[in-house]
Amino acid sequence: MATQRKTNEARSRLIFGDLWEYDPAPETADPKLKERYDLFIGGKFTRPRSGKYFASINPANERKLADIALAGAADVDLAYAAASRAFVRWGSMPGRERGKYLFRIARLLQDRAREFAVAETLDGGKPIKESRDFDVPMAAAHFFYHAGWADKLEYVAPGRRVVPLGVVGQVIPWNFPLLMLAWKLAPALAMGNCVVLKPAETTSITALKLAEILQDAELPAGVVNFVTGAGEIGAAVMGHPGAAKVAFTGSTEVGKAIMRQLAGTNRKMTMELGGKAANIVFDDAPIDQAVEGIVNGIFFNQGHVCCAGSRLLVQESVADQVISKLKNRIRVLRVGDPLDKNTDLGAINSREQLSTIRRLVASGVREGAVMYQAPCELPERGFYFPPTLFTRVTQSHRIAREEIFGPVLSILTFRTVDEAIEKANNTAFGLSAGVWTDKGSRILRMSTELKAGVVWANTFNRFDPSSPFGGYKESGFGREGGRQGLLDYVGLT
Amino acid sequence: MSRIPVTKTPKVYIAGAFVRSESARTFKVSDASGAFFANMPQCTRKDLRNAVEAAAKAGPGWARRTPYNRAQILYRLAEMLEARSGELVESLVRFGARRADAEKGMTVGVDRLIHYAGWSDKYAQLLGSVNPVASPHFNFTVPEPMGVVGVIAPDSPPLLGLLSMIAPVIASGNTVVALASEKVPYPAILLGEMLATSDLPGGVVNLLTGFRKEMVPTFATHAHIRAIFAAADADERKALRLGAAASVKRVRFAEPVGKAWFSDSAQGLDLIRDFVELKTTWHPIGS
């Protein structure tokens, strides 16, 4: 009897689960890394005033990739001075000429796409299939899209004339290093602003590789400047009096600190902060598609995604079915070497982030949720975490309220549409949400009632340069992408 | 003996009702000649709490009204103001406004309400979009109200400033808790009486009177106020921004000063845009 049950259970699983092992399929393109990366100020690579460098490691094996310049306040001053000088010409250049530089950047990035994808995967730990098929092509697409806006400023705000703001300070996170850079640079430059940008401490390499492209594109010196380092340099970039505007993507905690830091100024701000998205599955949803969407929603980029579908709300009548299919599905996710083309989940970005994930997962167990982890072998070196589900999660659990930023899904159930809306909106965040149902009118009702800036219906984690992205409530303000995103980089006259 | 006039007890308009301050405090208001006029409710954070609760309750219903309906209600409010403009002008003059300015302020205020009435069913087409994404998805962006918005009105012009700040905020379906001018609060009391007869559902606009010094920090930190629209000095701006950081409130400061409120540049689509969220929805295009 017991044997019979086991066979039935095995049959319901995906048959290719553990029948054979995959051969390694490493991506071998040369990332063309330098041993040492300097700051990029005034169109030149320059040594930091301090003479200090820090190591950037590969989170997949903890080996050093390169030394990165450690910027200080004096370097930030130089970067702002260079940007401010460059603005005189850049801000008044005819839009059609400005646009050509952006088109060039897009094309040059496409030329070197594979090299950049490998560099991104080495530096950040994300699977090569994602950096190759998503991060790099999408970054190029952002430059291409915004390039075409540069000579169309009169169409940005109906009834008003728009002008560039000046120098913009930008700080970006480590989860999509090159893509976030493109999201920030492209609209700022298209609207005629100059930029001082700080990449995340653990993922500076592709920004500095992009600086090579900016040189090849002959972008005028000082239009874009990169300063590298940790949080205090980020604060210096955000707080610099030379910034007409600042844009930040990162945690809600740091975003609030920046808002306080700038409280006494007139600085314009864009904040793209954390999230705790509800992914809502109704009983009439196409269940197999929904399961794929849930997996994509939470395990894409190891869950290091501000808009990740980290709270699954599933209708009670199909909860057992969905959870069982999910468990089967995550058993066959491949965790390991990010450079392997078959890898689904790569390395956690840093030791620090790994310990954050572990701490929150431990709180989930302690608070009484039931944990399921896919049985998978993790590499001995490097930072890894297995795909993890929690069932029996309540709304008060920390794992249902706080952003984990890892491959951890908290599952809650609901009975009625109203309950789903109530639970989905019961969060301080409001970045994104997902809805799975076959009923069109229900999709539109959910989309109207969910307090989130992006709603994915019968899909998840889709992005496009023409599609505005940004949050409600404590997920921040301002939009990136589309015509709407341009308004955050212009003044109205 | 000549008849003794019946004087009015000023009450603030919260949740569609006229109430005294929850803390039962008042402050004395004199007219421009220095003569005693009335005891004005000195609203405190308890009144703000009640007003925010009322605004939050009224919010979903107001946001669900059709844009056409919101437009007609704003137009109806303009009708109420036009009909009682004499009374409003007298109240402004009594508290020191030049008659010409008071009259001009009233006509501009009524016209401005009509301006925003007309926007109610148009701004979505200008601020929203269908987005040409590079994948088989239908993708569209629509503006939605933020929720409860705190308005802090200028002292000059007290009524036109208040109207100019409330109208763009409610046109898109937000609800408002407003602090009236501290120096000239009485026109806001009259405005409350007009709101009550304008078909605007109770709780959509709530008007408080009181001291800026007490109320500004409370507006800044109330977590259920999603955005602030304030005519504020440098210190108040900093306090509002600091408080706003705790719950990532959107903060917008009113730009006009003095006579600039009379100009057409003190109104328009940009002020509506500052108090909407943009929501983007994706759906696959399939068989």
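The numbers here are math on the coordinates, done by the rules we state, and not lab data. Bear in mind that the values here come from a model prediction, so they are computed numbers and not experimental data. No Cβ is skipped: glycine too gets one built from the backbone with ideal geometry, and neighbour counts run over all protein chains shown.
Here is how the numbers come out for the structure above:
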{"quantity": "Sorted largest first, extent of region A:415-475 alpha carbons per principal axis (Å)", "calculated": "35, 27, 15"}
{"quantity": "Centre separation in Å (Cα based) which lies between region B:1-51 and region B:198-212", "calculated": "14"}
{"quantity": "Rg ratio (alpha-carbon, reference 2.2 N^0.38 Å) - region A:127-245", "calculated": "1.09"}
{"quantity": "Cα gyration tensor, chain A - rounded (a/c under 1.5), prolate or oblate", "calculated": "prolate"}
{"quantity": "Those aspartates and glutamates that a straight Cα-Cα span of less than 15 Å connects to A:Lys152, excepting residues fewer than 8 apart in one chain", "calculated": "A:Glu97"}
{"quantity": "Residues A:Thr448, A:Thr391, sorted so that the one with the fewest Cβ neighbours within 10 Å comes first", "calculated": "A:Thr448, A:Thr391"}
{"quantity": "Residues A:Tyr372, A:Tyr472, A:Tyr145, sorted so that the one with the fewest Cβ neighbours within 10 Å comes first", "calculated": "A:Tyr372, A:Tyr145, A:Tyr472"}
{"quantity": "Additional length obtainable on full extension of the chain from A:Ile287 to A:Asn328, 0.36 nm per residue less Cα span", "calculated": "13.4 nm"}
{"quantity": "Overall dimensions of region A:367-492 as given by Cα atoms, namely Rg and Dmax in Å", "calculated": "17.5, 56"}
{"quantity": "Region A:221-299 and region A:309-378: distance between their alpha carbon centers, rounded to Å", "calculated": "23"}
{"quantity": "Lys/Arg +1, Asp/Glu -1 at C-beta; region A:278-457 dipole; positive extreme among A:Val408, A:Leu444, A:Ala308", "calculated": "A:Val408"}
{"quantity": "Rule-of-thumb Rg ratio for region B:1-91 [Cα; 2.2 N^0.38 Å; N residues]", "calculated": "1.42"}
{"quantity": "C-alpha center-to-center spacing [region A:416-488, region A:61-112] in angstrom", "calculated": "32"}
{"quantity": "Computed Kirkwood radius, in angstrom, where 1/r is averaged over Cα pairs of region A:454-493", "calculated": "11.3"}
{"quantity": "Alpha-carbon spread of region B:178-287, three principal axes, descending order, Å", "calculated": "64, 37, 29"}
{"quantity": "Rough spin-label spacing in nm, given labels placed 7 Å along Cα→Cβ, for A:Tyr155 and B:Gln72", "calculated": "3.7"}
{"quantity": "Footprinting exposure proxy for B:Glu144, B:Glu90 (fewest neighbouring C-beta atoms within 10 Å first)", "calculated": "B:Glu90, B:Glu144"}
{"quantity": "Pairs from A:Lys209/A:Lys341; A:Lys184/A:Lys245; A:Lys64/A:Lys129; A:Lys256/B:Lys213; A:Lys473/B:Lys249 whose Cα-Cα separation, in the structure shown, is over 18 Å", "calculated": "A:Lys209/A:Lys341; A:Lys64/A:Lys129; A:Lys256/B:Lys213"}
{"quantity": "Whole-number D in µm² s⁻¹ for region A:278-457, Kirkwood Cα-pair radius fed into Stokes-Einstein, 37 °C, 0.692 mPa s", "calculated": "201"}
{"quantity": "Chain B - Rg and Dmax from Cα coordinates, angstrom", "calculated": "19.6, 87"}
